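Only the coordinates and a few stated rules stand behind these numbers; no lab work does. Small disclaimer: the values here were computed from a predicted structure and weren't measured. With ideal geometry, Cβ positions are generated from the backbone for all residues, glycine too; neighbour counts draw on all protein chains shown.
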Amino acid sequence: MPHASDIVTCDGPDSPHAFDIVPLKPRNGSLDAQCPVCRGHGEWNVEIDLVSFRCKRMICDPCLGAGWIETGSDPVGFPDIEMSPDGHPHWVVAYVPRKDVGEKNVSDGNLLAP
Ligand SMILES: [Zn+2]
């Protein structure tokens, strides 16, 4: 016998159930403001079962899932790959001035041409 379910889909962060059971992200001390898109959640439901609360979620692009963003003139950090001294690539957080960052999503690569 199938379990009862009431699955709803969400078109985006403005959908009624987009943030059901999605916790607010704790603020990382270096970030300034709640992300205007996910309002501090960092992700939202694209599909949720209102009976079992099983859900599929989507990571928020503008804040890369952090829930918080940098504002003003503070440098903006983003994931980057660098060569370590022993010759292996590794992940680092690279910081660039706010003025060099476009309005597009960081994850799409939004650095402005110099
Ligand atoms: Zn966000």
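Descriptive notes on the structure:
- Alpha-carbon centroids, the range 4-26 and the range 62-77: separation in whole Å: 23 Å
- Remark: Lys99, Lys56, Lys25 ranked as Lys99, Lys56, Lys25, counting other beta-carbon atoms within 10 Å and listing the fewest first.
- Calculated FRET efficiency for the pair Asn28/Lys56, C-beta based, R₀ 25 Å, to 0.05: 0.50
- Distance between the pseudo-spin-label points of His3 and Glu47 (7 Å out from Cα toward the beta carbon): 1.5 nm.
- Scoring 83-95, 6-18, 67-79 by mean Cβ neighbours within 10 Å over their residues and listing the highest first yields 67-79, 6-18, 83-95.
- The label point for Val92 and the one for Ser73, both projected 7 Å from the Cα toward the Cβ, are 2.5 nm apart.
- A simple count of charges around Gly29, restricted to other residues whose Cβ falls under 13 Å of its Cβ and scoring Lys, Arg +1 and Asp, Glu -1, yields -1.
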